[in-house]
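The values are calculated or read from the model by the stated rules, or taken from the named source; none is laboratory data. From a predicted model like this one, the values you see are computed outputs, not experimental measurements. Positions of Cβ are backbone-derived with ideal geometry, glycine not excepted, and every protein chain shown enters the neighbour counts.
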Amino acid sequence: MIVDSCVGEQESRPAALDYLESMGVDIADQVKLVVATHWHDDHIRGLARVVRAAPKARFVCSAAIQTTEFVTLAKATGKRSMMTSSGIDEFEEVLSELDGRGSRLDRGHMFALGERLLYRHTARRHPSAEVWSLTPSDIAWRAAITELASLLPQARRTKRRIAPIGPNHASVVLWIRVGHVRVLLGGDLQETPGRHWTAVISSPTRPTGRSAIYKIAHHGSDNADHPETWTRLLSGDPIGLLTPFVQGGVTLPAAIDVARMCARSREVFITAPPTRPAPRRRERAVDRTIKEVTRNFRRALGPMGHIRARAVTSSTSPSVAVELFAGARRLCP
Ligand SMILES: [Zn+2]
């Protein structure tokens, strides 16, 4: 399965395609599931190419964005709209790719919702596997539909910035089990007190079993961290994985986030160190230093960082081996 997509600055292809091919995976035949957690640029770049390369895969995205309203709105507002981003463009490209295959539902296009079984595999001599979506919650789904629908009549007349339920509140969280190894992929799901993560944690019907590996939600931000995620969804000393996010003055994770995550688990890894963009106005000497530092940093960073976590799925108490590539590093001192 491939979850989200990214394309490195010096690369032309989505990273997941290069990686799977390097391991000898026949993408066209063997990839069974492609999941878009949400449509933000940092999660969706190259996804249309992934979908095209994996014609046998079932495409899954959040039910909160997979509504007629969302697609209609995205198309009606067009390129001049404030809401249009390369993420929306990419998402539209994915949808037209699926349209080209015939009816989306006929082709196994699925909407992720709370506690939905997306995939199950059983085969003799292989450990069984299953993939569940844990979000969007019913509350998030309903709110998204209501808000998007309320914006529709204005879509053609006014180019207004759309402010529906945040994409992050509609983000897909996945729970994966292969043999005895369980993985929680937190997407970019942010908490609103009493909702979203709270709904996941307090649900009596979610798949049971604590995960040993956690893709930390929303780049480790404070508003995506629910303390009970660590005590009720994850095993003791889970492996935490995340990517940094730097855009428009927002840098994640912040120092305080790093401290919080490392208090939860010592085994946290990040694909690249978070950097803060340089301020606009500064003295020439400072400018020069920053340029130097940035240049060195880029050189040190090289291509997009990559973390690989592997476990023997047939073992009843699997231990996870983490490997770091191209700038990825341990987060905790
Ligand atoms: Zn993100």
* Could you run through region 186-198 and say how many residues are under 23 Å from Val320 (Cα atoms) and surrounded by fewer than 24 Cβ atoms within 10 Å (Cβ to Cβ)? => 0
* To do: Write out, first by first residue and then by second, each pair whose Cβ atoms fall under 8 Å of each other, whose residues are 6+ apart or on separate chains, and whose first residue, in region 165-187, is in contact (Cβ under 8 Å) with a residue 24 or more places away in the chain and of a type in the set (Val, Ile, Thr) while the second is in a helix (DSSP H, G or I) and away from the ligand (no atom under 16 Å from the Cβ).
  => Ile165/Ala140; Ile165/Ala143; Ile165/Ala144; Ile165/Glu147; Val173/Val200
* Asked: Counting only residues that are crowded, with 21+ Cβ neighbours inside 10 Å and closer than 27 Å to Ser317 by Cβ, which one in region 212-228 is farthest from the ligand (Cβ to nearest atom)?
  -> Ala212
* Structure fact -> Restricted to region 241-255 and to residues being surrounded by 15 or more Cβ atoms within 10 Å (Cβ to Cβ) and part of a loop (DSSP other than H, G, I, E, B), the residue nearest to the ligand (Cβ to nearest atom) is Thr243
* Can you work out which of the residues in region 281-333 that are exposed (fewer than 15 other Cβ atoms within 10 Å of the Cβ) and among the hydroxyl-bearing types (Ser, Thr, Tyr) is modelled with the highest pLDDT? => Ser319
* Name, by its number, the condition in (1) assigned to a loop (DSSP other than H, G, I, E, B); (2) more than 18 Å from the chain's Cα centre (by Cα); (3) within 24 Å of Leu324 (Cβ to Cβ); (4) of a type outside the set (S, T, N, Q) that does not hold for Pro55. => (3)
* What number of residues within region 17-51 are crowded, with 17+ Cβ neighbours inside 10 Å and more than 16 Å from the ligand (Cβ to nearest atom)? -> 11
